[in-house]
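Novice: Can you read through this structure? Questions will come right after.
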Amino acid sequence: MEKIQTPIAHLDAIEFAKWWKADARSSMKGVAVRYPQIDRMTGRLLTLDARILQSRAERQKAPPVARESEDLLALSAYITYQSRGLKMDAEIEGMARKNFDAGEAFFFRRRGQLNLNCAHCHNANWGRTLFAERISQGHPNAYPAYRLEWQTLGSLERRLRACLSGVRAEILPYGSPEYADLALYLSWRAKGLPIETPGVRR
Ligand code: HEC
């Protein structure tokens, strides 16, 4: 068997071909349910979007794509789609615990001119109507989602920014660690719910 130059030296050509063409339906299945996830090298909590950006930069040596760009959302939605129907199952213990605690604290901290926390709407008032919108339990399992108001796909972060803006609170920039912490708390809160990406929302 002819040996070809591969990143994994011991693979022969046929194995390499199999590995290279590994179908995302199997290779990416179940990946998204475990995000946000601690990066063991840096100890940082990464959302799936952050992991994609990191892999592109460090492993592919590819030019960066912007947060919330069509390219990143498409990739993120495609990977998450491979876990559609699987239950959310992020790890909150060990190295992730401090992030989880920070996310939980964020959820219950009042903010903005309306002085509301996330729980005021999504724990205490779901099912009620606010500005012609029906408040849900605020689960993250449909993101990236297509929102009619956006006329495009958007990330969970974009949705969270809309909620922050709704209470007239400071809107953190994309990629802020606070969003990852919050996403981890939301994933835990949604534990057991199936991934529905790409969802459609008003
Ligand atoms: C003033 C009420 C209000 C507050 C406070 C609020 N939200 Fe929301 N949120 C909404 C409304 C309205 C929507 C859109 C309808 C829906 O899906 O609930 C929404 C949507 C969401 C969604 C998307 C749910 C889905 O299925 O698409 C998530 C996740 C969410 N909020 C999380 C949060 C978090 C986290 C906070 C705190 C930082 C927060 N929200 C604060 C009203 C609120």
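Novice: When you scan region 100-111, do you find a residue that is more than 19 Å from Lys191 (Cα to Cα) and either in contact (Cβ under 8 Å) with a residue 12 or more places away in the chain or under 18 Å from the mean Cα position of the chain (by Cα) (or both), even just one? I'd like the intermediate steps shown before the answer.
Specialist: Taking region 100-111 as the starting set, the residues that turn out to be more than 19 Å from Lys191 (Cα to Cα) are 109-111.
Those left that are additionally either in contact (Cβ under 8 Å) with a residue 12 or more places away in the chain or under 18 Å from the mean Cα position of the chain (by Cα) (or both): 111.
Within region 100-111, one or more residues are more than 19 Å from Lys191 (Cα to Cα) and either in contact (Cβ under 8 Å) with a residue 12 or more places away in the chain or under 18 Å from the mean Cα position of the chain (by Cα) (or both).
Novice: In region 91-120, which residue that is part of a loop (DSSP other than H, G, I, E, B) and of a type outside the set (S, T, N, Q) is farthest from the ligand (Cβ to nearest atom)? Write out each step before concluding.
Specialist: The initial filter retains those residues of region 91-120 that are part of a loop (DSSP other than H, G, I, E, B), namely 91-93, 109-110, 112-115, 117.
Within this subset, residues satisfying the condition of being of a type outside the set (S, T, N, Q) are 91-93, 109-110, 112, 114.
Values: Glu91: 20, Ile92: 16, Glu93: 21, Arg109: 8, Arg110: 9, Gly112: 8, Leu114: 7 Å.
Within region 91-120, the match that is farthest from the ligand (Cβ to nearest atom) is Glu93.
Novice: Then there is this: Can you pull out the residues in region 32-73 that are of a type in the set (Gly, Ala, Ser) and assigned to a loop (DSSP other than H, G, I, E, B)?
Specialist: In the first step, residues of region 32-73 are kept if they are of a type in the set (Gly, Ala, Ser); the result is 32, 43, 50, 55, 57, 62, 66, 69.
Result: Gly43, Ala62, Ala66, Ser69.
Here, each number is a calculation from the coordinates, and none is a lab measurement. All values derive from a computational prediction rather than experimental measurement. Using ideal geometry, Cβ is built from the backbone for each residue, glycine included, and neighbour counts are taken over all protein chains shown.
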